[in-house]
Amino acid sequence: MNGGLPPYYFRVKDNGALVFRVDAENRQRRLELDQIATININNGQVKPQGETKLTAEDEAAIAEWIAARQATLAARDTDDILRAIDHLNLTAHWVQSKATDEQLDLVTDKLLMAMHDLRTVLVKKRADRLLG
């Protein structure tokens, strides 16, 4: 490592990342980030930047980052759903204890439709798992 710096930097974007090789050992003694690839996390595609030829070390670091990123995103998805469950519980308490008639008029139909849609999907998925 160069003074404690990692050899690669991954700039996260919506569907993946830009991969940079970190260079701190140049003549100007400046930190430089040289883009070497673009990653699409959705399909796992890695595109080298320009004329760059990825080394085995580059490919290994990118594969490791993809696996770690996919694990992070999966954990976030699960955490988001667990937070949604908490929020549903808080919403039930709000409806029962604090909501005014006017507030309920604003949200009731939307909440009922969303909950019906969710229930339908959950029941279908459970049935598919039990039958499949």
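The values are calculated or read from the model by the stated rules, or taken from the named source; none is laboratory data. Since this is a predicted model, take the numbers as computed values, not measurements. Virtual Cβ from ideal backbone geometry, glycine too; neighbours counted across all protein chains shown.
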How many residues are in a helix (DSSP H, G or I), surrounded by 10 or more Cβ atoms within 10 Å (Cβ to Cβ) and not polar (S, T, N, Q) if we restrict to segment 91-108?
8
Take residue 121 and tell me if it is over 18 Å from residue 9 (Cα atoms), of a type in the set (A, V, I, L, M), modelled with pLDDT of 95 or more and surrounded by 12 or more Cβ atoms within 10 Å (Cβ to Cβ).
no
What residue, among those in segment 1-20 that are over 19 Å from residue 60 (Cα atoms) and charged (D, E, K, R), is surrounded by the most Cβ atoms within 10 Å (Cβ to Cβ)?
13
Going by the conditions given, is residue 14 charged (D, E, K, R) and outside the structural domain of residue 118 (by TED's automatic domain parsing)?
yes
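With the structure loaded, tell me whether residue 23 is touching a Lys or Arg at 6+ places or on another chain (Cβ under 8 Å) and either surrounded by 13 or more Cβ atoms within 10 Å (Cβ to Cβ) or at pLDDT below 95 (or both) or whether it fails that test.
Values: touching a Lys or Arg at 6+ places or on another chain (Cβ under 8 Å): no; either surrounded by 13 or more Cβ atoms within 10 Å (Cβ to Cβ) or at pLDDT below 95 (or both): yes.
No: the conditions fail for residue 23.
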